[in-house]
Amino acid sequence: MLMVQPDQVLGEAPPFPGGSGGAGEVETEEAAAPAAKRRAVCWDGCGRPSSVCVCDHLPPCPIPTATRVVVLHHPHELRRKLATLPLLSKCLHNLDLLPGRLLRLGSSPLLDSHYHSSPSPAKVLFLFPSSDPFSPATDLGAWAAETPPADRRDPVLIVFDGTWREAKEMVAASLPFLSRFAVRVSLGCDEGKEGESTFESDLVLRKEPFLGCVSTMEAVARALRVLERDGAGAEVEARLLAVLRAMVGFQAANLKPMKPRPRLQKKKEIKKLERGK
């Protein structure tokens, strides 16, 4: 298996619409740098450095969807160079971005309205896998197949954006709020199998922790394929994945393969081998 040098990462994460923090720091650094060393950035389009611009792959205008997508993004995600959420925000019209580490009353007027409604006027789903029997996740495709069309019209999809560990903590912290009105769904994953890397998939920006883990953009694309009515989901998925493939293509073209380091064996494994001899 090939590995990637940690410093081989492209571009700066573009600022979120109306966001704060990381974007201001980037602009300050750019302003302080000598003019000769400044990188041209596509500020009026994708927000990425011109050398890795993906404007040609963006939809001409944000795509309208019947599904309302709400993304809770971890504050640290603003500083990550391979975040897909900035591009996703340029692709979808019906998208709400919420910075933070948990969802609770006051996080979103939309979610608050569902919390106080009984039953909720529309189906609210939050996307995250689970191996916890006390908080199981239903396969999204199975949920759609078992739910009457009238009951899944114009759904709300909640997604958590961050590293796997951060997203897991965000979900756990949000469960007291979400469990009152939202259904937990997943796209299917296997924590017992190793995740893919950029060298193995044209949709993976960095090594995933296990099989089934995907970027925020891919997760939303796969979910909208299932949730959008009248077959519109397939086209939305294709357009989002085209943007992601372009982003991954630039990243893969600039990676420097390295020979993998030998795997260190744990003491327990060594003892088992010795007993087997």
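Listing for the model above:
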read-out: Normalised convex hull volume, the range 39-101, alpha-carbon set, Å³ per residue; value: 88 Å³
read-out: Nearest-10 value in Å² for the accessible area of residue 63, using the 1.4 Å probe; value: 10 Å²
read-out: For the range 72-113, Kirkwood radius (reciprocal of mean inverse C-alpha pair distance, Å); value: 11.6 Å
read-out: Summed residue charge, Cβ within 13 Å of residue 183's Cβ, Lys/Arg positive, Asp/Glu negative; value: +1
read-out: Amide proton proximity set for residue 73, modelled H, under 5 Å, gap of 5+; value: 98, 100, 161
read-out: Three-way shape call for the range 138-193 based on the alpha-carbon gyration tensor, with the a/c threshold at 1.5; value: oblate
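The values are calculated or read from the model by the stated rules, or taken from the named source; none is laboratory data. Just so it is clear, the model here is predicted, and its values are computed rather than measured. Reconstructed Cβ throughout: ideal geometry from the backbone, glycine too, with neighbour counts over all protein chains shown. The area values use the complete protein model at the heavy-atom level, side chains included, leaving out ligands, DNA and RNA. Shrake-Rupley method; radii C 1.70, N 1.55, O 1.52, S 1.80 Å.
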